[in-house]
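Read through the structure below, which is laid out as structure tokens, and then see the notes.
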Amino acid sequence: MKGKGEIEVWEALRESFSIILHKPIILLPMLAVSLFSQFANSLIGTFIAPDQITSLSNITPLLKFGLLFLVIYIVIYMLVDGMYPLMVKNVLENKEIELSAAFGSVVKKFPSIIVAGILVGLLVGIGIMLFIIPGMIFAIWYFYTIPAIMLEDRGALDGMRASKAFARDKKFNTFLLFLIPMLIIFLVGVFTLPLRLFVPAAEEIVNFILSLVVSTWMSVIPAYVYIKYKGEG
């Protein structure tokens, strides 16, 4: 029997994915992230080919480009990720998705979002280095940080505390919420392996689309769960 506020994992996964199917416009913000990633990879590859890396002096420009694009990528991703709680809220309230309004709200909260993103990333990264398990615990605790910040107008630390409090009695189900999409993308990758061998271009297109959809899904899931189950809890 489902306890009060307890997450129904399959319902959450199904309904959050249904949002993408019925409102494909929600893919557009994450498309910007995916296109930038493709552009950065192509640009770095154009400037420095792998066979040109013969010494430390050859690697230095690549590291500089890589660091620059990583910073820009993080900024773009955090801006986009912050839009999803507001867009999901629009869908659940049967309103039209307002991309410009969502982006404007994220810009106002961007300092809190970027600080929270950095702190959570550091905690998870350090935790993974400490025998993996602590990193998984931190990832579960702070899975709902962005929805807490955007939907309840919290600061970075307050949003992290709200996420931890919300996830406290939902640890295993929260773990499943980001494990299952990862398993799905792995299995689809295995099944599309023949494309890599026989039609490389098709394999790249499939991977791009798959990455776009799953990345969007992973931003929709915590927003959907936080909106639905915070009230029930």
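The values are calculated or read from the model by the stated rules, or taken from the named source; none is laboratory data. Just so we're clear, the structure is a prediction, and the values are computed from it rather than from any experiment. Cβ sites come from the backbone with ideal geometry, for glycine too, and all protein chains shown count toward neighbours. Surface accessibility is based on the protein's heavy atoms, side chains included, excluding ligands, DNA and RNA. Shrake-Rupley method; radii C 1.70, N 1.55, O 1.52, S 1.80 Å.
Among the residues of the range 162-173, are any farther than 22 Å from Ala102 by Cα, among the small types (Gly, Ala, Ser) and out of contact with any Leu (no Cβ under 9 Å at 6 or more places or on another chain)? Before the answer, list the steps.
Within the range 162-173, the subset farther than 22 Å from Ala102 by Cα is 164-173.
Among the residues that remain, those that are also among the small types (Gly, Ala, Ser) are: 165, 167.
Okay, now just the ones that are also out of contact with any Leu (no Cβ under 9 Å at 6 or more places or on another chain), so 165, 167.
Yes, that holds for at least one residue.
Would you be able to tell me the number of residues in the range 116-135 that are of a type in the set (A, V, I, L, M, F, W, C) and within 21 Å of Ile149 (Cβ to Cβ)? Counting residues in the range 116-135 that are of a type in the set (A, V, I, L, M, F, W, C) and within 21 Å of Ile149 (Cβ to Cβ) gives 7.
Look at Val75 and say whether it is closer than 26 Å to Ala162 by Cα and modelled with pLDDT of 95 or more. Break it down stepwise before answering.
On the way: closer than 26 Å to Ala162 by Cα: yes; modelled with pLDDT of 95 or more: no.
No; evaluated as a whole, the condition is false for this residue.
Only helices (runs of 4 or more DSSP H) whose full extent lies in the range 95-159 are considered here, and the ones with at least 3 residues that are crowded, with 16+ Cβ neighbours inside 10 Å, touching a residue at least 24 places away in the same chain (Cβ under 8 Å) and small (Gly, Ala, Ser) are 99-129. Of all residues in the range 160-182, exactly one satisfies the criterion of being open to solvent by 90 Å² or more (accessible area, probe 1.4 Å) and closer than 16 Å to Ser16 by Cβ, namely Met182. Consider Met87 carefully, then state whether it is in contact with an Asp or Glu (Cβ under 9 Å, 6 or more places away or on another chain) and open to solvent by less than 30 Å² (accessible area, probe 1.4 Å). Yes: the conditions hold for Met87.
The number of residues in the range 95-137 being closer than 23 Å to Thr174 by Cβ, more than 18 Å from the chain's Cα centre (by Cα) and either among the basic types (Lys, Arg) or at pLDDT 95 or above (or both) comes to 0.
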